[in-house]
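The values are calculated or read from the model by the stated rules, or taken from the named source; none is laboratory data. Worth saying up front: this structure is predicted, and the values here are computed from it rather than measured. Every residue, glycine among them, receives a Cβ derived from its backbone with ideal geometry; neighbour counts consider all protein chains shown. Protein only, heavy atoms only, side chains kept; ligands, DNA and RNA dropped before computing areas. Shrake-Rupley method; radii C 1.70, N 1.55, O 1.52, S 1.80 Å.
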Amino acid sequence: RRVLFRSWLLRAYGSFEQPNPFGGYLGLHLPLVVSVAAFGTAGRWTRGAVVVSAAVIGMCLIATMSRGAWLGQVTGLLVVALVGSKAARHAVATFGGLGVVVVLAAWPVLPAAVTDRVQSIFASLVAFGAASNALTPENWAVMERLSQWTAGWRMFAANPLVGVGIGNYNSVYADYRLPEWPVALGHAHNHYLTVAAEAGTFAAVAYVVLLVVAVRQTLRGWRTASTPFSRAIGLGALGSIGALATHNMVDVLFVHGMSVTIGLILLLAGAGAEEPGRE
């Protein structure tokens, strides 16, 4: 079974050349499509088409095998469900524990390629001693990411106010890296840490404030939207922000022009909002 699924479920990367940003890109869209399918369409055929779109995007996201994208979707889809549906909130409160039991019971029959990736997420949480862990083929990717976190943290700790300079992560990496990891990857594999390392405390705080303002404005657009479709778009955009904020804890999604996509999602979130005195 392990060999069968590993040979079938290769990591998809599309035109992004890497599976992690491709997974992040898909993850920005899935909450939007799920929200429209659940709350924004009335016609049977339209809803069916949107559901099929959500299923295709979801399957492609699974095929990326991107753990960061999966974590982001847990946040994004939970936001859509819990904010958009009172029934979902009651269901989570009532049956959340039962759902965990069901997943654990079904775990042995799930594809090994998927379960191994999920298990490695939890392994990463307890393996932060990158400098003292022995490298193996199984933990190499995790240790590489932890090594970048360590380097980014050292940059920030040495320059807490202004950082090492925007865009200078690679240039100064050699001064802060672990001995076993000579190659810089362009960022610390954590956007918050990358901002702090390159631009200091005030920039990191400013970025968090930006996220808070985006959430506030998106919630406003959702509450004041004039049509069910606009409300669904606002709610989906809120889920997309949640996915972005979570995925950026283990990667950097501002690559491959993805900032344009994020800007368009925020624009859509506010497009249907009603303002006093405006039709």
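Compute the length gained on full extension between Ser226 and Met59: take 0.36 nm times their separation in residues and subtract their Cα-Cα distance, giving the result in nm to one decimal.
Result for the pair: 56.9 nm of gain on full extension.
Which order do peptides 209-216, 226-233 fall in by mean Cβ count within 10 Å, highest first?
My ranking of the peptides, most packed first, is 226-233, 209-216.
Pulled fully out, how much extra length does the chain show between Val74 and Ala49, if you take 0.36 nm times their separation in residues and subtract their Cα-Cα distance?
Computed gain between Val74 and Ala49 is 6.7 nm.
By the scheme Lys and Arg +1, Asp and Glu -1, what is the net charge of all other residues having a beta-carbon under 14 Å from that of His191?
Taking every other residue near His191 into account, the sum is -1.
When the accessible area of region 143-194 is split by element with a 1.4 Å probe, what percent falls to carbon and sulfur?
Solvent-exposed carbon and sulfur of region 143-194 make up 59 percent of the total.
Whole number in Å², please: accessible area per residue of region 146-254, 1.4 Å probe, ligands, DNA and RNA not counted.
So region 146-254 comes to 45 Å² accessible per residue, rounded to a whole number.
Hey, rough spin-label estimate for Leu161 and Val255, points 7 angstrom out along Cα→Cβ, what's it come to in nanometres?
3.3 nm
Would you mind getting me the FRET efficiency between Asn170 and Val212? Use the beta-carbon distance for r and R0 = 51 Å, nearest 0.05.
For R0 = 51 Å, the calculated efficiency reads 0.95.
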